[in-house]
Amino acid sequence: MDFFKYIHAVGTGPKGNRDLSFDESKDMMHQILNQSIPSEQIAAFLLGWRLKPETTEEFRGALLACDEHITQQEVKNSIELGYPFDGKAKNPYIFPLVSKVLKESGLNLVVVGDAKQPAKGGITIKDICSRIECSDNTHYFDRADFFPALHKLTDIRNKLGLRTGFNTIEKLPHIAKSEYAITGVFHKPYVKKYVEILTGRYKRFALIQGNEGTPELFSKGRLWIVTGKDVEEFIIDPEHYGIHYKKSWEKITLEESLSQLTHPSDEYLKLARLNAAVYLFVTQKFNSIDDAYESLEQ
């Protein structure tokens, strides 16, 4: 379809805007990923789409188009961790320590990185994985290799400088054919949105009020486990496990983030065990987070 029709659908204001169908969204995303249209049209659509705003049906169509551009590489017994591509600005990462805790369990962690995307301007997964050696149960995939079409849109997205629909659908590309996945959400309304978008994509997936929108728990928050169409909510409080971690950065540097991983405090190591316990619970290795945490203390 003529791409101008898609721009018209999202860019004519509240009275003239309309939602795209599943098939239109899939075609729209193919045209954007193939860059068969000028970059100005891509930016115009992404901005209008965000302001309209996007529907879950549109997201599902766009996600299917993305899937058709991805080269998968299966990692068995794995959980895919969905991180935002604009990075972490105020806190270090913890997944390299979590993977070490999980090594004896045999559970593999799948993480994905790329060049920094709008809009936070934080430290990215790629920044971390290109500078430290993770344990062999951490499987890092660079988007430039497995999804070059989206990687090549980095310049357009950074020039636009705003969050777009990509920020929602790019975190869990299903690169490793994982049966399980977890990603972070800021607010409860996003739980319903992700459930509608991701249902059927995984055997079981989780949404967590993670630190800076990541799947990493640093303080008291909620966890939602999604199995089929069933959603179960849990509250997790690190203090219940005797963890009293306090951050000490207003804005963290890459050097500080790396230092926290190479010279972790005792409280940070306990926090890594708690996150590992959450992942074991999500992947059905244990019937509760408490049981999983106790097993990791032994």
- prompt: Has the stretch 119-136 got any residue that is in contact (Cβ under 8 Å) with a residue 40 or more places away in the chain, in contact with a strand residue (DSSP E or B) (Cβ under 6 Å, 6 or more places away or on another chain) and of a type in the set (A, V, I, L, M, F, W, C)?
  reply: yes
query: For the stretch 111-135, what are the residues that are within 21 Å of GLY161 (Cα to Cα) and not aliphatic (A, V, I, L, M)?
result: GLY113, ASP114, LYS116, GLN117, PRO118, LYS120, GLY121, GLY122, THR124, LYS126, ASP127
task: Search the stretch 15-26 for residues that are without any contact (Cβ under 8 Å) to a residue 40 or more places away in the chain and within 12 Å of MET1 (Cα to Cα) and pair each with any residue that is in a helix (DSSP H, G or I) and open to solvent by 50 Å² or more (accessible area, probe 1.4 Å) when their beta-carbon atoms are under 6 Å apart and the residues are at least 6 apart or on different chains.
output: LYS26/LEU64
- prompt: Pairs under 8 Å by beta carbon, first residue closer than 15 Å to PRO238 by Cα in the stretch 200-215, partner open to solvent by 30 Å² or more (accessible area, probe 1.4 Å), six or more apart or different chains?
  reply: ILE208/ARG222; GLN209/PHE186; GLN209/ARG222; ASN211/SER219
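Is it fair to say SER219 is small (Gly, Ala, Ser), without any contact (Cβ under 8 Å) to a residue 60 or more places away in the chain and open to solvent by 20 Å² or more (accessible area, probe 1.4 Å)? Let's see the steps before the verdict.
Numbers: small (Gly, Ala, Ser): yes; without any contact (Cβ under 8 Å) to a residue 60 or more places away in the chain: yes; open to solvent by 20 Å² or more (accessible area, probe 1.4 Å): yes.
Answer is yes for this residue.
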message: Here are the criteria: (1) under 30 Å from GLY106 (Cα atoms); (2) hydrophobic (A, V, I, L, M, F, W, C); (3) assigned to a loop (DSSP other than H, G, I, E, B). Tell me which single one ILE37 does not satisfy.
response: (1)
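Which residues, counting only those in the stretch 40-66, are in a loop (DSSP other than H, G, I, E, B) and either open to solvent by 80 Å² or more (accessible area, probe 1.4 Å) or under 14 Å from ILE197 (Cβ atoms) (or both)?
In the first step, residues of the stretch 40-66 are kept if they are in a loop (DSSP other than H, G, I, E, B); the result is 52-55.
Those that are in a loop (DSSP other than H, G, I, E, B) and either open to solvent by 80 Å² or more (accessible area, probe 1.4 Å) or under 14 Å from ILE197 (Cβ atoms) (or both): PRO53, GLU54, THR55.
If I ask for residues that are in a loop (DSSP other than H, G, I, E, B) and at pLDDT below 95, which ones from the stretch 188-208 would you list? Working first, answer last.
Step one: of the stretch 188-208, the residues in a loop (DSSP other than H, G, I, E, B) are 188, 199-203.
Those that are in a loop (DSSP other than H, G, I, E, B) and at pLDDT below 95: LYS188, THR199, GLY200.
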- request: Residue by residue through the stretch 67-82, note down the ones that are over 16 Å from PHE166 (Cα atoms) and either open to solvent by 50 Å² or more (accessible area, probe 1.4 Å) or outside any loop (DSSP other than H, G, I, E, B) (or both).
  value: THR71, GLN72, GLN73, GLU74, LYS76, ASN77, SER78, ILE79, GLU80, LEU81
- line: Per the filter on the stretch 168-182, residues crowded, with 23+ Cβ neighbours inside 10 Å and hydroxyl-bearing (Ser, Thr, Tyr) are SER178
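The values are calculated or read from the model by the stated rules, or taken from the named source; none is laboratory data. Fair warning: this is a prediction, and the values are worked out from it, not measured in the lab. With ideal geometry, Cβ positions are generated from the backbone for all residues, glycine too; neighbour counts draw on all protein chains shown. Note: areas computed on protein heavy atoms with side chains; ligands, DNA, RNA excluded. Shrake-Rupley method; radii C 1.70, N 1.55, O 1.52, S 1.80 Å.
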